[in-house]
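All of the numbers you see were taken from the coordinates with simple rules; none came from a lab. Since we're looking at a predicted model, the values are computed, not measured. Note: ideal-geometry Cβ built from the backbone for every residue, glycine included; neighbour counts use all protein chains shown.
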Amino acid sequence: MTRSDLVEELASRFSQLTHRDAEYAVKTILDAMSEALVRGHRIEIRGFGSFSINRRPPRVGRNPRSGESVQIPEKRVPHFKPGKALREAVDQRTAEMDAGAR
């Protein structure tokens, strides 16, 4: 699902929202989530999952063309951990889809 798919879904579920309002709502939520992660906060959405920042330590990598060693600096990357309800729903629905495909 893309951002525009999310906007379309929101606009179709709530007929009182214009497409522009749905787009603004999605943008506002995603911007707030991004800003919270940048500030180092953890985001938890009950039943869906949590977003946090993981630290990747510096390491030595290899340039695949030349084979020479390259220093890769420390990075902080976003990490998503699905909640129990989401994990179970995905497992159940995919199992149903697999059973229906047979």
Computed about the Cα centre, the charge dipole of the chain from +1 Lys/Arg and -1 Asp/Glu charges at the Cβ has a magnitude in debye, to the nearest 20, of 620 debye
Let me know the Rg and Dmax you get for the chain when you use only its Cα atoms, in Å.
19.7, 59
Those helices of the chain passing the 24 Å axial Cα length cut-off and the mean Kyte-Doolittle cut-off of -1.0 (DSSP H runs only) are 19-38, 84-101
Would you work out which of Phe48, Ala95, Ile72 lies farthest towards the positive end of the dipole of the chain, given +1 charges on the beta-carbon of Lys and Arg and -1 on that of Asp and Glu, about the Cα centre?
Ile72
